[in-house]
1. To the nearest 20 Debye, how big is the dipole of region 223-282 about its Cα centre, given +1 on the beta carbon of each Lys and Arg and -1 on that of each Asp and Glu?
2. Determine the order of Asp62, Asp324, Asp70 by accessible area, beginning with the largest, at a probe radius of 1.4 Å.
3. Given all pairs of different Cα atoms, what value in angstroms does the Kirkwood hydrodynamic radius of the chain take?
4. With a 1.4 Å probe and all protein chains left in place, how much of the accessible area of region 142-222 comes from carbon and sulfur atoms, in whole percent?
5. Arg35 to Met230: extension gain in nm, 0.36 nm per residue of separation minus the Cα-Cα distance?
6. Mind running the shape call on region 221-339? Use the C-alpha gyration tensor, a ≥ b ≥ c as the square roots of the eigenvalues: rounded below 1.5 for a/c, prolate if a/b tops b/c, oblate otherwise.
7. Please name which of His159, Ile118, Pro69 has its Cα lying farthest along the dipole of the chain towards the positive end, using unit charges on Cβ (Lys, Arg +1; Asp, Glu -1) and the Cα centre as origin.
8. Sort His337, His159, His286 by accessible area with a 1.4 Å probe, largest first.
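The values are calculated or read from the model by the stated rules, or taken from the named source; none is laboratory data. From a predicted model like this one, the values you see are computed outputs, not experimental measurements. Positions of Cβ are backbone-derived with ideal geometry, glycine not excepted, and every protein chain shown enters the neighbour counts. All accessible areas refer to the heavy atoms of the entire protein, side chains included, with ligands and DNA or RNA removed. Shrake-Rupley method; radii C 1.70, N 1.55, O 1.52, S 1.80 Å.
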Amino acid sequence: MYLQALATAVPPSAYTQAECWEIASRSQVRQRLSRRSMLTLNKILHGNSGIQTRHFAMPEIDRIFDLEPDELNSVFRGEAPALAGRALEAALSTDGIGPADVDALLVCTCTGYLCPGITSYVAERMGLRTDVFLQDIVGLGCGAAIPTLRAASHILAAHPGATVACIAVEVCSAAFYLDDDPGVLISACLFGDGAAATVWRSKPGPTGLRCFDFQTLHLPAERDRLRFEMRNGKLRNLLDRTVPEVAANAVGRLWSGRGDRPVGSVVSHAGGRDVLEALAPAVSGHSLETSARVLGRCGNMSSPSVLFVLEESMKAGGPGNGGDFWLVSFGAGFSAHSCRVGL
């Protein structure tokens, strides 16, 4: 399938890590956390995390750790479709494809749950036709963007004349949770909100790029290293300290099975500074600097992150060296996914 357009969106409100510390330090949550946990937050948010700013859609940012589950879900219901719609509107405007041309809309997310899903809200917001095929993909965590593209490729294989739009959107600020678990504390210091939209057809588009050669790796034995759980009606992110090592192992296995076609650039999910450092040897010879820049500007946005990196990589030119962009994402499951985007 061929890429027609790619666009990203972030909420207008951006916060430095120091400002995030100020929010946490004046929140009622400090009365529930141990002194050690507050020191941990202070150290991370004022340290070299590789993150300069993050964007949050949460309108009541000072109450972010004190909102009730129903309030968090209400924020997700309002902000996720709006953010997703902004990304899709920008993608459609870059190629001259109008909302009436879209035949299928796929949306992946893991930071909230709606039924009907986000696709219903985005279709209404964008004025899509009432016969558009809608598919919501949930539960795949940070790695979800690439499996969503794989699903789009299957739709286009069955319906070659179709136009398929895909959106990865996360409102991580609607899933923030704090307690004394070190992994939970680290998560709160890493994640931000964002959305990325792509448009695909079976024929070449303005970019000239096609997406192909999908791979997936599941490691159920590592499932509890990285996942959401429900606690007191809220999503609580579990993040084990071994995640960088697990991610590097999974990415290395996908890399070893990439085939003989040359890779010009590696486009990796920007999971965190430690994750990128662990990944570097697995994709030896390829820079992860673009992923690091996206991490610095936006934090870990979960599923949209890899597409933010692709967008920035495309703006810098082709993948180079006569090769492809090799995209890789990973997250809950534990799972990792890759594909190629090239000429």
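1. 280 debye
2. I get Asp70, Asp62, Asp324, largest accessible area first.
3. 20.0 Å
4. 58 percent
5. This chain segment gains 67.7 nm when fully extended.
6. prolate
7. After comparing all options, I get His159.
8. His159, His286, His337
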